[in-house]
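Q: Below is a structure I'd like to ask you about.
The values are calculated or read from the model by the stated rules, or taken from the named source; none is laboratory data. These numbers come from a predicted model, not from an experiment. Heads up, the Cβs are rebuilt from the backbone with ideal geometry, glycines too, and the neighbour counts pull from every protein chain shown. For the accessible areas, the whole protein counts, side chains as well, though only heavy atoms, and no ligand, DNA or RNA atoms are used. Shrake-Rupley method; radii C 1.70, N 1.55, O 1.52, S 1.80 Å.
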Amino acid sequence: MSEGLTKSAARNIFFGGTIFFLVILVALTVHSYGYIEKNSTDVAGITPGVEQGKAVWERHSCINCHTILGEGAYYAPELGNVWARYGGFEDADTARDGIKDWIRSQPTEVEGRRQMPHFEINEQELDALVDFFKWVNTIKTQNWPPNVAG
Amino acid sequence: MSDLNEHNSGWGPLSSLPGNPIMWVLIWSELLVFGAALSGFAVARMLDVQTFDASQAHLDRFFGALNTMVLLTSGLCAALAVRVRSDGNSSASRWWMVYAILIGSVFLYVKIIEYGDKLDAGFDIETNTFFTLYYLITGFHFFHVIMGLIILAIVAWKNSLENLETGAAFWHMVDLIWVLVYPVIYLVR
Amino acid sequence: MKYETQKLAYPYFLAAMGLFVAQVLGGLLAGTVYIFPNLLAEAVPFNVIRMIHTNALIVWLLFGFFGAAYYLVPEETETEIHSPLIAKLQFWLFLFGAAAAVLGYLFGIHEGREFLEQPLWIKVAIVVVALMFLFNISMTLLKGRKTAVSLILVMGLWGLALFFLFAFYNPSNLALDKMFWWYVVHLWVEGVWELIMAAILAFLLIKMTGIDREIVEKWLYVIVSMTLFTGLLGMGHHYFWIGTPGYWQWIGSIFSTLEVLPFFAIVVFAFMVVRKGGRDHPNQAAMLWTLGCAVLAFFGAGVWGFMHTLAPINYLTHGTQVTAAHGHLAFFGAYVMVNLAIITYAMPHLRGMQPYNQVLNMWSFWIMSSGMVFMTLTLTAAGILQTHLQRVMGISFMEVADEIGFFFILRGLSGVVVVIGVLLFVYATLSTDKAQVRVGGMKPQAAE
Amino acid sequence: MQAKLPSTRRLIFVWAVLIAATIGLMGAGRVNADIDLGSTWVTVLLVLAGAKSSLILWFYLNLRQSSSGWQKGFIAFLCVILSFILGAYYLTPAI
């Protein structure tokens with residue numbers, strides 16, 4: 001038996017072990033996929049408005065300032081729970097108007113305060129964006145974030 | 001055997017372990033994972049002992065013990081396969097591996113019955129922390145048994161002594177983990 | 001340089017360094033906006049600056065990896081690259097795609113998922129570039145000597161291309177979107193990129209210490225095995241709070257704790273090899289980057305990653321500046337430094353310079369590294385404070401931002417230091433020192 | 001790697017001891033009764049588990065032929081894990 005043999009066996013074990021862990025990862029992903037669809041997200045609630053809102057969110061690359069569910073840039077507030085922060089679960093209309101007004105009034109141009117740009121978003125898109133935030137806030141995230149400050 | 005000693009050199013400290021060194025990297029990774037998981041289990045139990053003890057009562061403790069014996073016996077067959085191969089008896093070694101695989105499969109059969117019973121009774125991985133850990137730890141071990149059987153089949157086919165030692169080492173690790181998992185999850189209360 | 005086609009690496013390394021400068025300037029600008037928030041707020045808003053900062057990083061690291069592959073695969077396989085033409089085409093196509101993407105960002109042309117902002121056609125171009133590259137490298141590998149180093153490098157590169165395909169899947173369900181988004185991001189930086197890094201480090205150590213290839217390759221297998229055995233399920237630490245099941249908290253906590261091990265092994269291995277090797281390689285700067293990479297990868301990816309990877313801790317620190325601290329040192333320690341190591345090693349060969357006079361380069365090492373380490377410390381302090389104020393006390397984000405402003409000033413200063421280090425590196429790598437003499441392009445190999 | 005594998009007779013003897021220990025474990029753990037074990041019996045359980053794992057390591061995995069560093073490493077690992085679990089048990093508040 002040559003030296004090379006142990007090394008090629010080592011390579012095979014490396015590949016085999018990798019495939020083993022990859023299979024487990026895929027199996028768990030499949031399970032999680034089902035869990036997300038059935039338990040943690042409101043699939044029926046993904047209306048065309050929510051879908052459009054997600055597209056608006058992406059078109060303006062909001063994630064490169066804000067976080068959503070804790071992922072993104074850390075320059076601006078978490079928006080996964082912005083609906084709750086505006087009291088949307090108690091008074092939906094006020095929250096909706098509050099978020100829309102906020103976006104419309106940007107930038108604040110207050111000196112020394114982080115600025116949000118002015119985005120060309122029409123009324124219908126604004127509503128869609130709020131629909132998206134509202135929907136995201138219903139995702140069961142193992143009770144994250146710890147408080148309404150996000 | 002002297003050539004075996006030689007070609008296994010250069011792996012640093014891993015050289016002195018029987019079988020392929022990378023298999024031992026895998027074995028150590030697994031031991032650390034299960035060690036951490038069982039420690040986590042113990043701490044989670046400490047924090048919520050009522051739920052844990054009430055949930056544990058739903059497990060079938062006898063099936064767990066039965067499976068311990070199944071694995072120990074299968075492990076014996078694997079060890080004997082290596083033993084007779086080193087005496088130069090290749091075909092007997094194959095047969096011992098086949099026995100090891102057959103007996104090892106019983107473990108899967110028993111475990112599937114157990115999982116079926118638990119799921120029928122409405123206990124799934126999200127029921128509570130006890131069942132999350134029960135399914136994670138035993139499920140992860142279950143995957144190892146499947147993997148182990150595949151490895152045993154491969155080394156029964158390509159049955160050089162080196163391969164047999166490597167494959168059997170993985171199988172004994174699976175065995176070893178179950179010996180630790182069974183009392184901690186099924187019995188301690 | 002033994003093989004003519006190793007020269008193919010040269011433009012890749014140049015492009016990498018060019019984009020590296022763009023990246024750190026973008027970073028410096030972003031850091032400045034943290035201090036003076038009104039700066040450029042209308043013209044180039046923060047989200048665009050950050051997009052350029054992160055995308056330039058990814059693209060230049062890829063340029064570096066491609067260049068490293070073209071440089072080391074001929075030597076490892078003892079064969080010329082299959083098709084130099086493909087390599088050149090691939091270079092220009094990739095450079096064009098990268099430039100188009102960055103320009104587009106400035107005009108607001110982009111998609112919206114973090115790190116995957118490239119417009120669809122550029123994503124397609126990236127796949128085409130990757131396929132050209134993989135075809136070229138795989139063909140070279142197939143006809144040449146198959147060493148563990150080249151095999152693992154190529155495996156890493158295939159994985160890189162394969163997992164990028166998840167970038168094309170963007171479901172409308174945000175939780176699913178995020179779950180598969182990590183299939184690109186996590187499996188890149190905590191999976192296949194680590195294979196590439198380990199392979200490049202192994203190559204450098206073989207060349208520079210003159211130690212027996214057998215020993216290095218065996219260690220390489222041990223390290224990459226540990227990497228993937230822990231790293232694949234380490235995915236769990238990204239699945240804590242995005243709508244995925246609770247069991248990920250256990251899987252993520254356990255496996256990502258163990259993800260520290262391969263980084264620790266790399267440190268032990270690198271220093272052991274250098275100590276045993278005993279050969280004084282003339283390229284001390286490349287040696288410095290190699291060892292520095294091992295050490296800072298361990299701290300940035302290993303220690304800083306572990307710091308907030310346990311689910312109960314991550315519950316509080318998730319999405320704060322703690323993550324930014326970890327991200328900066330991990331990317332710098334692992335992937336920036338490995339690229340700078342191979343560039344430092346290869347450039348004298350590629351440019352035919354002799355002898356090595358890389359004192360300036362070593363200065364840039366110390367300046368850049370201390371800048372990054374200090375930046376990480378300031379961000380960590382900011383993150384811990386932010387965690388306490390925002391997550392524990394429940395103070396609103398913008399108020400907290402004002403409270404921790406001081407650390408962002410310090411971070412900005414460390415950013416200046418890093419930029420100086422980077423500019424010095426580029427100067428040191430491309431300039432001609434008086435003490436250096438140009439020698440023929442086909443110089444005999446220094447080691448092995 | 002060493003040539004000295006355990007003899008067939010020894011392997012079978014070890015197996016018999018392991019099975020006997022498992023039966024002991026079943027008794028100590030009262031597999032058929034739903035009663036509290038109490039700390040003494042839990043200690044017995046974990047010591048038995050440690051003994052069984054050591055036997056597997058020693059003879060099945062042939063660790064007895066390995067270097068003393070590995071032997072100590074594995075045994076220390078078992079001790080740490082089992083004492084941690086036992087410690088957690090002792091610290092658990094009584095219901």
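Q: State whether the stretch D:8-91 is rounded, prolate or oblate according to the following rule on the C-alpha gyration tensor (a ≥ b ≥ c being the square roots of its eigenvalues): a/c under 1.5 gives rounded; otherwise a/b larger than b/c gives prolate, and the remaining case gives oblate. Spell out each step's value before the answer.
A: On the way: a/c = 4.69, a/b = 1.38, b/c = 3.41.
It comes out oblate by the Cα gyration axes.
Q: Next question. What percent of all Cα-Cα pairs in chain C falls into each 10 Å bin, going from 0 up to the bin containing the maximum distance?
A: 4, 21, 32, 28, 12, 3, 0
Q: Also, quick follow-up: Name the long-range amide H neighbours of D:LEU37: under 5 Å, sequence gap of 5 or more, or other chain; modelled H, no Pro or chain starts.
A: Sorted by chain and number, the residues that satisfy this are B:ARG189.
Q: Per residue, how many Å² of accessible area does chain A show with a 1.4 Å probe?
A: Numbers: 6370 Å² over 150 residues.
Normalised by residue count, the accessible surface of chain A is 42 Å².
Q: Taking a 23 Å limit on the Cα-Cα distance, which of the listed pairs C:LYS7/C:LYS146; A:LYS38/C:LYS123; C:LYS7/C:LYS276; A:LYS38/A:LYS140; C:LYS2/C:LYS146 fall beyond it?
A: From the list (C:LYS7/C:LYS146; A:LYS38/C:LYS123; C:LYS7/C:LYS276; A:LYS38/A:LYS140; C:LYS2/C:LYS146), the Cα-Cα distance tops 23 Å for A:LYS38/C:LYS123; C:LYS7/C:LYS276.
Q: Does the protein assembly as shown come out rounded, prolate or oblate, given a ≥ b ≥ c as the square roots of the eigenvalues of its C-alpha gyration tensor, rounded meaning a/c under 1.5 and, failing that, prolate meaning a/b above b/c? Provide the component values of the computation, followed by the final result.
A: Values: a/c = 2.09, a/b = 1.20, b/c = 1.74.
In terms of gyration-tensor shape, oblate.
Q: Within straight cross-link reach of B:LYS158, meaning Cα distance under 17 Å, which lysines are found once same-chain residues fewer than 8 apart are removed?
A: A:LYS7
Q: Rounded, prolate or oblate, given the Cα gyration tensor of the stretch A:47-136, with a/c below 1.5 counting as rounded? Working shown, then result.
A: Working: a/c = 1.34, a/b = 1.28, b/c = 1.05.
It is rounded, given that a/c, with a ≥ b ≥ c, falls under 1.5.
Q: To the nearest 20 Debye, how big is the dipole of chain C about its Cα centre, given +1 on the beta carbon of each Lys and Arg and -1 on that of each Asp and Glu?
A: On the way: 22 positive and 22 negative charges, 180 e Å.
Roughly 860 debye for chain C.
Q: Let me ask another. Which residues, if any, in the stretch D:58-73 lose at least 50 square angstrom of accessible heavy-atom surface (probe 1.4 Å) when the other protein chains sit next to their chain rather than the chain being alone?
A: Buried by the other chains: D:TYR60, D:LEU61, D:TRP70.
Q: Select from chain C the helices, each a whole stretch of DSSP H, whose alpha-carbon atoms run 20 Å or more along the helix axis and whose Kyte-Doolittle mean is at least -0.5; answer none if there are none.
A: Working: long enough: C:9-35 (39 Å, 1.53); C:46-77 (45 Å, 0.96); C:84-106 (33 Å, 1.60); C:120-143 (35 Å, 2.02); C:148-164 (24 Å, 2.38); C:193-209 (23 Å, 1.86); C:213-234 (30 Å, 0.95); C:260-277 (25 Å, 1.98); C:337-351 (21 Å, 0.89); C:359-386 (40 Å, 1.26); C:405-430 (38 Å, 2.20).
Once both thresholds are applied, what remains is C:9-35, C:46-77, C:84-106, C:120-143, C:148-164, C:193-209, C:213-234, C:260-277, C:337-351, C:359-386, C:405-430.
Q: To the nearest 20 debye, what is the magnitude of the charge dipole of chain B about its Cα centre, counting +1 on the Cβ of each Lys and Arg and -1 on the Cβ of each Asp and Glu? If you can, show how the numbers build up before the last one.
A: Values: 9 positive and 15 negative charges, 54 e Å.
About 260 debye.
Q: In Å², and per residue, what accessible area does the stretch C:280-448 have when probed at 1.4 Å with the other protein chains present?
A: Working: 6340 Å² over 169 residues.
Normalised by residue count, the accessible surface of the stretch C:280-448 is 38 Å².
Q: Determine the share of chain C's accessible area contributed by carbon and sulfur atoms, expressed in whole percent, with a 1.4 angstrom probe. Intermediate values should be presented prior to the final figure.
A: Details: 10890 of 14610 Å².
Here it works out to 75 percent.
Q: Just how far, in whole angstrom, is the stretch A:50-79 from the stretch B:128-185 if you go by their alpha carbon centroids?
A: Rounded to whole Å, the Cα centres lie 44 Å apart.
Q: Shielding of C:228-241 by partners, i.e. mean partner chain Cβ atoms within 10 Å per residue?
A: Values: counts 9, 13, 4, 2, 10, 7, 2, 4, 2, 0, 2, 4, 5, 10.
Rounded to a whole number, the mean comes out at 5.
Q: Also, I was wondering about something else. For the interface of chains A and C, what total accessible area is buried with a 1.4 Å probe, rounded to the nearest 100 Å²? Please report the intermediate quantities before stating the final value.
A: Numbers: alone 10310 and 18470 Å², together 22370 Å².
That pair hides around 6400 Å² of surface in total.
Q: Label points 7 Å out from Cα along the Cβ direction at C:ASP402 and C:VAL268: separation in nm?
A: It is 5.1 nm.
Q: Here's something else I'd like to know. Where only protein heavy atoms count, and the probe is 1.4 Å, what is the accessible area per residue for chain D in Å²? Write down the numbers at each step before the final one.
A: On the way: 4610 Å² over 95 residues.
That works out to 49 Å² for each residue.
Q: Return the ratio Rg/(2.2 N^0.38 Å) for the stretch C:11-91, where Rg is computed over Cα atoms only. Mind showing how you got there, number by number?
A: Working: Rg = 17.3 Å, N = 81, 2.2 N^0.38 = 11.7 Å.
Compactness ratio reported: 1.48.
Q: Have a look at the stretch A:120-141 and report residues whose accessible surface goes down by 20 Å² or more when the remaining protein chains are included, against the chain on its own, probe 1.4 Å, ligands and DNA/RNA excluded.
A: Residues losing area: A:TRP135, A:ILE139, A:THR141.
Q: Between B and D, buried accessible area summed over both sides at probe 1.4 Å, in Å² to the nearest 100?
A: Values: alone 9670 and 7030 Å², together 11910 Å².
Heavy-atom accessible area buried at this interface is about 4800 Å².
Q: Please check the stretch B:152-189 for residues whose accessible area, probe 1.4 Å, is lower by 30 Å² or more when all protein chains are in place than in their chain alone.
A: Checking the loss per residue gives B:GLU162, B:GLU165, B:HIS172, B:LEU176, B:VAL179, B:LEU180, B:PRO183, B:VAL184, B:LEU187, B:VAL188, B:ARG189.
Q: Could I ask something else about it? Less than 13 Å Cβ to Cβ from C:ILE81, Lys/Arg counted +1 and Asp/Glu -1: what total charge do the surrounding residues give?
A: Numbers: positive: C:LYS2, C:LYS7, C:LYS88, C:LYS143; negative: C:GLU4, C:GLU75, C:GLU76, C:GLU78, C:GLU80.
Net charge in that neighbourhood comes out at -1.
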